[in-house]
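Colleague: I am attaching a structure below and will ask some questions about it afterwards.
Bear in mind these aren't lab numbers, they're just calculated from the coordinates by the rules spelled out. This structure is a prediction, so every number in the text was calculated from the model and none was measured. Here the Cβ positions follow ideal geometry from the backbone for every residue, glycine too, while neighbour counts run over all protein chains shown.
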Amino acid sequence: MSMKKKDTYDLILADPPWRYSFSRSSTRKIENHYPTMTVPEIKALGPELPVADDALLYLWATAPKLLEGLAVMKAWGFTYKTHAIWDKEMIGMGYWFRGQHELILVGTKGKYSPPEPKFRISSVLREKRSRHSSKPVSFHVWIEKAFPDAKKLELFARKRRHGWTSWGNEVKSDIAIT
């Protein structure tokens, strides 16, 4: 892919379609909802991403995919800074614990400042989950308020959002990543 500098993004929100290999039942496979990708496939997107030299990444990861999320972040050229938790307010499935949360990992590339103090929110987001893999709308709204001038790209998007460029198999992608 060849992208011009004007086509780069300084804020990336990504919800990778992590592949899991431990489903004990074919009815509970994630692939029943959408196609998944292996970690090497997700990592391989890094060199193709139209990311600015100074950029911010918000990367969704489930608890079992924490290490993979950190590896993807590094492969994409970002340095881990911190994370937040989304409390889904409903218990889900799990083998060690029945999951009720997801992680949102925060990474930067180059120099990217945190949000202004007035926009610094709790590290625990509470919003009841809805359909499989949908993320809390309040997080998008917060990003838009905290980073109004950022050029935003949502990877693995499920819905279009005003002011964002979308890429994903559930929306007509605005950019091509090969």
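Matching residues to (1) out of contact with any helix residue (DSSP H, G or I) (no Cβ under 8 Å at 6 or more places or on another chain); (2) in contact (Cβ under 8 Å) with a residue 24 or more places away in the chain:
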| residue | (1), (2) |
| --- | --- |
| LEU57 | no, yes |
| LEU67 | yes, no |
| VAL72 | no, yes |
| THR82 | yes, yes |
| ILE85 | yes, yes |
| ARG98 | yes, no |
| ILE104 | no, yes |
| LYS109 | yes, yes |
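Colleague: Could you check how many residues of region 122-145 are loosely packed, with under 14 Cβ neighbours inside 10 Å and more than 19 Å from PHE156 (Cα to Cα)? Lay out the reasoning, then the answer.
Modeller: Pass one, region 122-145, residues loosely packed, with under 14 Cβ neighbours inside 10 Å: 122-124, 126, 128, 130-132, 134, 137-138, 141, 145.
From what's left, more than 19 Å from PHE156 (Cα to Cα): 122-124, 126, 128, 145.
Count: 6.
Colleague: Which of the residues spanning region 78-102 are buried (at least 17 other Cβ atoms within 10 Å of the Cβ) and within 17 Å of ALA14 (Cβ to Cβ)?
Modeller: Within region 78-102, PHE78, HIS83, ALA84, TRP86, GLU102 meet the criteria.
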